[in-house]
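Q: The structure that follows is given in the form of structure tokens.
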Amino acid sequence: MKLLLINPNSSAGMTAGIADAARAVAAAGTEVIATQPGFGPASIEGHYDEVFAAAGVAEQVRQAAPLAPDAVLIACFGDPGLDAAREATDAPVLGTAEAAFHVASMLATGFSVVTTMTRTCVIAEHLVLKYGFERRCRGIHGTDIPVLALEEAGDTLLAQIEASARTALAQDHSGAIVLGCAGMAGLCGTLQQRLGVPVIDGVAAAVKLAEALVGLGLRTSKHGDYATPLPKLYRGWAGPLGW
């Protein structure tokens, strides 16, 4: 199968790192095509950044139509542009947060999220409510690690994330940790070994769920609000993105 992996920020280094993490868990027959928007923020650390990131996701899904990907993965824990992407293609579209929440809920009665900037915790809270996981998510913890710092995540950052996860497990009485940033994907195995609980990376979870959906022959419904966008004029730089 052909998997389109979209990093919604404009950092080429982070795109490469996320792609490596996706390929590490992908099945032998899965081709991972990694891309990023042609505009927008270098990292997504707030509502303002997310608006441009969502538009970038829509841009990449539209431009990738000739490739006919079998599934699309949005590699940002805010799942920016997820609903728009599902309108723009009938391929399954998975966000890392939604995928991680589903997987965590299958492994523990409650989970905690450990993410980057504290200011983005409210975005994760909104997603927990949107996806209906408020009874399973017992806490969301910010580390105030800048997203781009994860490109060179060394022992100090790993220790900081581990400490936050241990605090979350103790305070929230949770049984699993969800990593709240696609840039943390490469740390998942080490953290799981050290913490002794399931640690879920949304990138890996989304890759495997995408493979399962494709294997089942399932597509995004075009009945109702995920129907193909209505034809209309798009102006300015968005002109090529209209139907």
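What follows is calculated from the coordinates using simple rules that are stated; it is not laboratory data. Remember, it's a predicted structure, so these values are computed and weren't measured experimentally. In this analysis, Cβ positions are derived from the backbone assuming ideal geometry, glycine residues included, and neighbour counts consider all displayed protein chains.
Q: Hey, can you grab everything whose amide H is under 5 Å from the amide H of D79? Only 5+ residues off in sequence or another chain; H modelled, so Pro and N-termini drop out.
A: For D79, the qualifying residues are T96, A97.
Q: Another question, then. Taking the Cα centroid of segment 65-129 and of segment 176-243, what is the distance between the two, rounded to the nearest whole Å?
A: Computed from Cα coordinates, the inter-centre distance equals 5 Å.
Q: Next question, about the same structure. Residue-wise, which Karplus ³J(HN,Hα) couplings in Hz belong to segment 19-25, taking 6.51 cos²θ - 1.76 cosθ + 1.60, θ = phi - 60°, and x for glycine or proline?
A: 4, 4, 5, 5, 5, 5, 10
Q: Let me ask something additional. Rounded to the nearest 500 deg cm²/dmol, what is the calculated helix-only ellipticity per residue at 222 nm for the chain, with -39500 (n - 2.57) per DSSP H run of length n ≥ 4? Intermediate values should be presented prior to the final figure.
A: Details: 8 runs with 101 residues, N = 243.
For the chain, the value works out to -13000 deg cm²/dmol.
Q: Return the distance in nm (one decimal) between the two label points of a simple spin-label model at A68 and M106, each offset 7 Å from Cα along Cα→Cβ.
A: The answer from the label model is 2.9 nm.
Q: Quick one: if the Förster radius is 22 Å, what FRET efficiency do D83 and E31 give, using the C-beta to C-beta distance and rounding to 0.05?
A: Rounded to the nearest 0.05, the efficiency is 0.30.
Q: While we're on this one: Using Cα atoms only, what is the angle between the long axis of helix 202-215 and the major principal axis of the chain, expressed in degrees (0 to 90) to the nearest 10?
A: Helix 202-215 and the main axis of the chain meet at about 50 degrees.
Q: Assigning unit charges at the beta carbon (Lys, Arg +1; Asp, Glu -1) and nothing else, what dipole magnitude in debye, to the nearest 20, does the chain show about its Cα centre?
A: On the way: 16 positive and 23 negative charges, 100 e Å.
The dipole magnitude comes to about 480 debye.
Q: Whole-Hz Karplus ³J(HN,Hα) for segment 216-227, in order, using 6.51 cos²θ - 1.76 cosθ + 1.60 and θ = phi - 60°, x for Gly and Pro?
A: So the Karplus estimates, Gly and Pro as x, are 7, x, 9, 10, 5, 5, 9, 9, x, 6, 8, 4 Hz.
Q: Eigenvalues of the Cα gyration tensor times 5, then square-rooted: what semi-axes does that give for the chain, in whole angstrom, largest first? Walk me through the intermediate numbers first.
A: On the way: eigenvalues 166, 71, 59 Å².
With the √(5λ) rule applied to the chain, the semi-axes are 29, 19, 17 Å.
Q: Within segment 127-162, which GluC sites (Glu not before Pro) sit in a loop by DSSP and count at most 14 neighbouring Cβ atoms inside 10 Å? Write out the running numbers ahead of the final one.
A: Working: sites: E134, E151, E152, E162; in loops: E134.
Here the GluC sites (Glu not before Pro) that fit, given the DSSP loop and packing criteria, are E134.
Q: Right, here's the next one. Over 18 Å, how big is the tail of the calculated P(r) for segment 159-243, in percent of all Cα pairs? Walk me through the numbers on the way to the answer.
A: Details: 2243 of 3570 pairs.
Taking all Cα-Cα pairs of segment 159-243, the fraction more than 18 Å apart is 63 percent.
Q: Counting only residues 5 or more places away or on other chains, whose amide H sits under 5 Å from the amide H of V178 once H atoms are built in the peptide plane?
A: Correct list: S112, V113, V114, I200.
Q: Can you order the peptides 4-15, 32-43 by their average number of other Cβ atoms within 10 Å per residue, highest first? Let's see the in-between values first.
A: Working: 4-15: 23.2, 32-43: 18.4.
Going by the mean number of other Cβ atoms within 10 Å, highest first, we get 4-15, 32-43.
Q: Could you give the angle, 0 to 90 degrees to the nearest 10, between helix 96-107's Cα long axis and the longest principal axis of the Cα atoms of the chain?
A: Helix 96-107 sits roughly 50 degrees off the main axis of the chain.
Q: From the phi of every residue in segment 163-174, what ³J(HN,Hα) in whole Hz does the Karplus formula 6.51 cos²θ - 1.76 cosθ + 1.60 yield, where θ is phi - 60° and glycine or proline is x?
A: Whole-Hz 3J(HN,Hα) from phi for segment 163-174: 4, 5, 5, 5, 4, 4, 4, 6, 6, 8, 6, 9.
Q: Over the alpha-carbon set of segment 97-202, divide Rg by the Kirkwood Rh and report the Rg/Rh ratio to two decimals. Show your work: numbers first, answer last.
A: Numbers: Rg = 12.3 Å, Rh = 13.3 Å.
Taking Rg over the Kirkwood Rh, I get 0.92.
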